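What follows is a short report on a single structure.
The values are calculated or read from the model by the stated rules, or taken from the named source; none is laboratory data. Remember, predicted model here, so these are calculated numbers, not experimental data. Here the Cβ is made from the backbone with ideal geometry for all residues, glycine too, and neighbour counts use every protein chain on show. To get the accessible areas, we keep the full protein, side chains included, count just its heavy atoms, and leave off ligands, DNA and RNA. Shrake-Rupley method; radii C 1.70, N 1.55, O 1.52, S 1.80 Å.
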Amino acid sequence: MVIREQKMSLDEYRAVTELPENRDRHLEWIDGEIVEKMGSFTPSRIALEIARFLGNYLAERRLGYITGADGSYLMSPDGQMFIPDVGYISRARLPQAPAREVPLPPDLAVKVKSPTDRVRDLRKKAEQYLAYGTAMVWLVLPEANQVEVYTPDDDVQVFGLDDTISGGAVLPDFTLSVRAIFAGD
């Protein structure tokens with residue numbers, strides 16, 4: 001849902017998101033426009049499962065920061081503020097946690113398809129994340145029990161219930177069973 005049709009600056013975006021009536025809304029800044037993300041139970045639950053596994057991994061290693069659906073990342077100063085369902089950024093790139101949005105693209109972005117999302121749009125968004133410098137994107141498709149993994153230099157990899165996803169260079173030694181992601185379904 002587009003909140004305002006007219007292109008706006010980063011400062012205007014921030015002012016709109018800080019209005020009392022917008023405090024509980026998830027608003028992205030895409031191509032200079034504000035777009036609202038709608039919540040849904042199953043995608044939220046799946047995102048939290050992924051965040052739990054990543055959080056456990058990061059608690060032992062203190063490599064970086066993990067964010068949920070409230071964590072926004074400034075992809076570019078010209079009109080791109082994305083909110084992944086789960087995001088990760090390394091301490092090497094962001095030594096200190098910011099008070100507001102992360103001023104850089106995440107190292108890992110996880111998008112979980114909700115019933116109102118179109119897969120085509122999510123795949124385009126995954127490619128946008130990569131174009132802005134994100135090293136890895138996981139597109140989680142609950143209806144298919146699959147995860148598509150996007151990286152800058154490789155073809156998209158599709159993982160099913162019997163597969164295990166690797167964190168690669170982004171999350172060394174991290175692995176996650178796709179079956180574990182969908183265990184609550």
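For the subset of region 70-102 comprising residues that are over 13 Å from the mean Cα position of the chain (by Cα), at pLDDT 90 or above and of a type in the set (D, E, K, R), which member is least open to solvent (accessible area, probe 1.4 Å)?
ARG91
Among the residues of region 54-70, how many are in contact (Cβ under 8 Å) with a residue 40 or more places away in the chain and in a strand (DSSP E or B)?
1
Tally up the residues in region 117-140 that are open to solvent by 10 Å² or more (accessible area, probe 1.4 Å) and either on the phi > 0 side of the Ramachandran plot or hydrophobic (A, V, I, L, M, F, W, C) (or both), please.
7
For VAL156, indicate whether it is of a type in the set (A, V, I, L, M) and in contact (Cβ under 8 Å) with a residue 60 or more places away in the chain.
It is false that VAL156 is of a type in the set (A, V, I, L, M) and in contact (Cβ under 8 Å) with a residue 60 or more places away in the chain.
Search region 41-89 for residues being aromatic (Phe, Trp, Tyr) and in contact with a Lys or Arg (Cβ under 8 Å, 6 or more places away or on another chain), and hand back the single one that is nearest to VAL112 (Cα to Cα).
Here the answer is PHE82.
Just a yes or no: is a residue in region 103-120 more than 15 Å from the chain's Cα centre (by Cα), touching a residue at least 60 places away in the same chain (Cβ under 8 Å) and within 27 Å of ASP153 (Cβ to Cβ)?
no
Taking region 13-66 as the region of interest, how many residues are more than 15 Å from the chain's Cα centre (by Cα) and surrounded by fewer than 14 Cβ atoms within 10 Å (Cβ to Cβ)?
The total comes to 14.
Could you please give the count of residues in region 78-88 that are more than 10 Å from TRP29 (Cα to Cα) and touching a residue at least 60 places away in the same chain (Cβ under 8 Å)?
1
Would you list the strands (runs of 3 or more DSSP E) that sit entirely within region 94-185 and hold 2 or more residues that are of a type in the set (A, V, I, L, M, F, W, C)?
Because the criterion is at least 2 residues that are of a type in the set (A, V, I, L, M, F, W, C), the strands (runs of 3 or more DSSP E) in region 94-185 that meet it are 108-112, 136-141, 146-150, 157-159.
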